[in-house]
Amino acid sequence: MKTKISSISLIVILTLSFNLHAQTAPEPDATVIVHQNTLNSFMKAVGPISGEKDFSVAGAKGKYHWTVKDAIITIAPGAARLTANAKVKVGPFDYDSGVKGEVAVKYNQEANLISVKVQKAEFEVYTKLLGKKIHIADVDISQFYRPEFEFAGPQPVQSQISVALPDGSTKIVYIKTVDHKMELRTEKIVVTSTVVFGNTP
C-alpha cells in the first residue's frame, strides 16, 4: 500500500512540475497572425470564375463550359487547403463537382515575408456516351489565384536605435530577431520571433 501511495504521489508531483513549466514558458516577443477570414475576403472579392473550351475526344465533339464558385481557404493544424464548387456543362450533359487543392504557406526570414500560395486545385471535365464516362480534361483553377498573398513577418523595421547619452555621445543599440517559428493553427497562421538587443550588429 505504501509503494502504491508513493507512486501516485510521484505522478502528481511530475504532473504539477510539467504544468508549472508549461505555464511559465516565455512567450515570444513578436507575433504576427494571419487569419483565415482575411484570405477568404480576397477569395470572395474574386468571386465566381468561368471558362469554356472546345473538345474532341472518342468521337465526341463540342464545347464544355464551367463555373467555379464558393472558393475558400481552410487553415488547420499543419495544413492549409482550398475547396470550391464547380458546375460543368458539356453539351446537354451537366453536373456539379467538388474542387480540392493544397495551399503552400511559407515564411521567408530573410525577406521577412509570410507567403500564401494556392497550389494545384483541379476538377475533372467529362461526359457520358452510351452510359460510359469519357474523360475530357482536368481544369486547374490555381492559375486564377497565382498572385501570392504576402504579409510582413515579426521583425522590426529598424535594425538599430541611436541613444543620446548625458556626456553628449551617442550609443548605438542594435536590434535583431531570432527563434523564428511559423505554425498553422485552427483558422490562422502564426509566426513568432524573439527580439534581441545588443552592442554589436
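The values are calculated or read from the model by the stated rules, or taken from the named source; none is laboratory data. Bear in mind the structure is a predicted one, so any value in this text is a computation, not a measurement. Methodologically, a virtual Cβ is constructed for each residue, glycine included, from the backbone with ideal geometry; neighbour enumeration extends over all protein chains shown.
Across region 125-136, what is the number of residues that are surrounded by 11 or more Cβ atoms within 10 Å (Cβ to Cβ) and free of Cβ contacts under 8 Å to residues at least 60 places away in the same chain? Full working, then the answer.
Going through region 125-136, the residues surrounded by 11 or more Cβ atoms within 10 Å (Cβ to Cβ) turn out to be 125-129, 134-136.
Adding the requirement that they be free of Cβ contacts under 8 Å to residues at least 60 places away in the same chain leaves 126, 128.
Summing the residues that are surrounded by 11 or more Cβ atoms within 10 Å (Cβ to Cβ) and free of Cβ contacts under 8 Å to residues at least 60 places away in the same chain in region 125-136 gives 2.
I need the strands (runs of 3 or more DSSP E) fully contained in region 23-103, keeping only those with at least 3 residues that are touching a residue at least 24 places away in the same chain (Cβ under 8 Å), of a type outside the set (Val, Ile, Thr) and within 28 Å of GLY153 (Cα to Cα). Quick ask: steps written out before the conclusion?
On the way: elements: 30-35, 49-57, 60-76, 79-90.
Fully inside region 23-103 and qualifying: 79-90.
PHE144 - would you say it is surrounded by 14 or more Cβ atoms within 10 Å (Cβ to Cβ), aromatic (Phe, Trp, Tyr) and within 16 Å of ILE49 (Cα to Cα)?
Numbers: surrounded by 14 or more Cβ atoms within 10 Å (Cβ to Cβ): yes; aromatic (Phe, Trp, Tyr): yes; within 16 Å of ILE49 (Cα to Cα): yes.
So PHE144 fits the description; yes.
If we keep just the residues of region 78-103 that are under 28 Å from the mean Cα position of the chain (by Cα) and exposed (fewer than 14 other Cβ atoms within 10 Å of the Cβ), which is nearest to GLU183 (Cα to Cα)?
Filtering region 78-103 for residues that are under 28 Å from the mean Cα position of the chain (by Cα) and exposed (fewer than 14 other Cβ atoms within 10 Å of the Cβ), the one nearest to GLU183 (Cα to Cα) comes out as GLY78.
Let's see how each residue does on (1) within 30 Å of HIS65 (Cβ to Cβ); (2) modelled with pLDDT under 50; (3) not hydroxyl-bearing (Ser, Thr, Tyr):
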{"residue": "THR24", "(1), (2), (3)": "no, no, no"}
{"residue": "GLU27", "(1), (2), (3)": "no, no, yes"}
{"residue": "GLN36", "(1), (2), (3)": "no, no, yes"}
{"residue": "PRO48", "(1), (2), (3)": "yes, no, yes"}
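From VAL139, VAL178, VAL190, which residue is closer than 22 Å to LYS87 by Cα and either surrounded by 17 or more Cβ atoms within 10 Å (Cβ to Cβ) or within 23 Å of the chain's Cα centre (by Cα) (or both)? Lay out the reasoning, then the answer.
Numbers: VAL178 fails: closer than 22 Å to LYS87 by Cα; VAL190 fails: closer than 22 Å to LYS87 by Cα.
Step by step, each of VAL139, VAL178, VAL190 is checked, and only VAL139 is closer than 22 Å to LYS87 by Cα and either surrounded by 17 or more Cβ atoms within 10 Å (Cβ to Cβ) or within 23 Å of the chain's Cα centre (by Cα) (or both).
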